[in-house]
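What follows is calculated from the coordinates using simple rules that are stated; it is not laboratory data. Source: prediction; values computed, not measured. Neighbour counts run over all protein chains shown; Cβ positions are idealised from the backbone, glycine included.
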Amino acid sequence: MSRLALALSLAVTGAVVSLPNVAGACGNSVRRIVDRGQEYVQQAELLLAKHQYRKAVNTVRELFGDQAIAARHRGPGEHLHGRAQRILALSVVRSGGAVAIGMDLGGAAQGRKDAAIAWAVLALRLQAGEQPTPAQTSELAEALALQASGRAEAYSLLKGLGDGDLMPSANGWALLAELSKQRGDVEGSKKAVERCEKMNARGVKCEVAEQA
């Protein structure tokens, strides 16, 4: 079984893992470990927001190693593990698969990029569940848009958020602008660009590049 297949299999089955050193701990010991994990994850989220994807990944991996890739955590720190996995997935997505997250996922080779993006799509879809929040929907759409087979679904998800005035981020509006223009909806693309620009989000390019 390939490493990607193993990662996807464990993600689907929801294998139970533990935060480092949690096994056998109890009471205050568990709380201290979870509090330490909270600090790491908050730091990684700040790095993600600053587009420092490699640093965000390294911070997550310092705490979780491959556990954030290969499985879903249950028990103490469950929510923390989900946040850590989201950071890895979005670091993959927003770097176009260029940031390596471990287990041969991500990097310079196209095959590694494709594998990392496939993992990110699955991870974000599992986190979204059957009743996703607007933020989860938008983030899943970002991942789907990196796959040729996922762009139609990405457009549908973002169009629904836009029409319902539920778009949570400038990233979502920028991607909707791009996908709308590709589908020939020039007016829809223009409106999405305008909404994106109003959010004044640092590091987000709202304008859609002209097709060569």
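So for R112, R36, fewest C-beta neighbours within 10 Å to most, what's the order?
R36, R112
What lysines could a cross-link reach from K55, if we take a straight Cα to Cα line under 28 Å and drop same-chain neighbours fewer than 8 places away?
K113, K205
If I take R0 = 25 Å and measure r between the Cβ atoms of Q131 and K198 in this structure, what FRET efficiency does the formula 1/(1 + (r/R0)^6) give, to the nearest 0.05?
On the way: r = 28 Å, r/R0 = 1.12.
Using R0 = 25 Å, I get an efficiency of 0.35.
Mind checking which aspartates and glutamates have their C-alpha under 14 Å from K159, skipping anything on the same chain fewer than 8 residues away?
Candidates past the 8-residue exclusion: E139, E142, E178, D185, E187.
For E210 and Q42, FRET efficiency with R0 = 41 Å and r from the beta-carbon atoms, rounded to 0.05? List each step's numbers first, then the result.
Working: r = 40 Å, r/R0 = 0.97.
With R0 = 41 Å, the Cβ-Cβ based efficiency is 0.55.
Return the FRET efficiency for the residue pair A108, E62: r is the Cβ-Cβ distance, R0 is 22 Å, and the value is rounded to the nearest 0.05.
The computed FRET efficiency comes out at 0.45.
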